[in-house]
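Engineer: One structure follows; several queries about it will come next.
The values are calculated or read from the model by the stated rules, or taken from the named source; none is laboratory data. Predicted, not measured: the structure shown is a model, and the values here were computed from it. Cβ placement follows ideal geometry from the backbone for every residue including glycine, while neighbour counts extend to all protein chains displayed. We work out accessible area using only protein heavy atoms, side chains counted, and drop any ligands, DNA or RNA first. Shrake-Rupley method; radii C 1.70, N 1.55, O 1.52, S 1.80 Å.
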2 protein chains.
Amino acid sequence: MQVENILQSKGTAVHTVASHARIADAVQMLNTHRIGAVVVVEEGGEVAGILSERDIVRKMGADPTAFLQTTVAEVMTRSVVVVERHESIASVMEKMTEHRIRHLPVCENGALVGIVSIGDVVKRKIEEAEQEASALREYIAS
Amino acid sequence: MQVENILQSKGTAVHTVASHARIADAVQMLNTHRIGAVVVVEEGGEVAGILSERDIVRKMGADPTAFLQTTVAEVMTRSVVVVERHESIASVMEKMTEHRIRHLPVCENGALVGIVSIGDVVKRKIEEAEQEASALREYIAS
C-alpha cells in the first residue's frame, strides 16, 4: 500500500499559498476549503514551507490582530517533511509519528504532486481492513 | 486492540478547561502542553464540550483580539463524540473518519478517564505492525 493509492482516491489537488500572502488569507483558505494545512510555494512552484492550523494557534501570541497581517513566510514551518508517490503508507505513518505532524506534501522530482493527511491515512487503513475481511469471508465461503 | 491499550501507554491524564474560561487561557494551555485539544468540563466534572486547534482557527474571524476574550463555552464543539475504554481501535478510527475529528475523550459511566488522539492511533498501528513482524520472524526462525 503506497501514497499513490491515497492520491488515486482523493486526487492530486493541493491548496497552496504564496509566502508573501498574509496569515489572514491563509486562514480564510483553510476555512473555505475545510482543510488543516496549506503548502507554501515560491513563484517557481518550489515548496517553501507548510502552514497548518497548529502553526497558527502556536504562534498567534497576545496580539492576534497584528498576527493576521504578518506574512505566511514569517509563520510557516520551513523544514517540510515530504514523501514520494511510491513510498509506503507505513513510512508515512512513521514520519507523521516521529515528527508529530499531520500533513505530508507528496513530491516528485521536486514538484508538488499531492498532499497526504493523517486523516487520509486512517481512512485508508479502515478500507484496507474491510477489504481483508471481505477477502477472508469470500475465502471461507468458497 | 482496544482504547485501553492506548491509555496504558500514554496514561489517563486529560487537560481540561472550564467552560467560563477565556479562549486566551485555552490557547495558552494548548501551547504549553503541546496538545491539539482540551476537554471542557462543568464544575461537577461532566464533559460539556471539546475545544480544538481547528475550532479556534475556524471561529477566530476578523477580530481575533476580541475572540481571545470570549468564553470557551461560546466556541467549543458541544456535540462531543466519545469512546469507551473497551472499544476497539477500529471503532475509534471509524468515528474519527466519519466525524472528521482528531480527538475522542474516553468516558466510563459518564466520567472522563482519558483522551485518544488520531496521532495516538497511528502510533499504536505502527507498534502493532512491528509486533506482528517480530512474531513472524520468530516463527520463521523456530
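Engineer: Is it the case that some residue within the range B:92-105 is free of Cβ contacts under 8 Å to residues at least 24 places away in the same chain and more than 14 Å from chain A (Cβ to nearest Cβ)?
Structural biologist: There is no residue in the range B:92-105 that is free of Cβ contacts under 8 Å to residues at least 24 places away in the same chain and more than 14 Å from chain A (Cβ to nearest Cβ).
Engineer: Do we find a residue being touching a residue at least 12 places away in the same chain (Cβ under 8 Å), out of contact with any strand residue (DSSP E or B) (no Cβ under 6 Å at 6 or more places or on another chain) and not hydroxyl-bearing (Ser, Thr, Tyr) anywhere in the range B:129-141?
Structural biologist: no
Engineer: On the basis of being over 24 Å from B:ASP120 (Cβ atoms) and open to solvent by 50 Å² or more (accessible area, probe 1.4 Å), does A:GLU108 make the cut?
Structural biologist: Taking the combined requirement at face value, the residue satisfies it.
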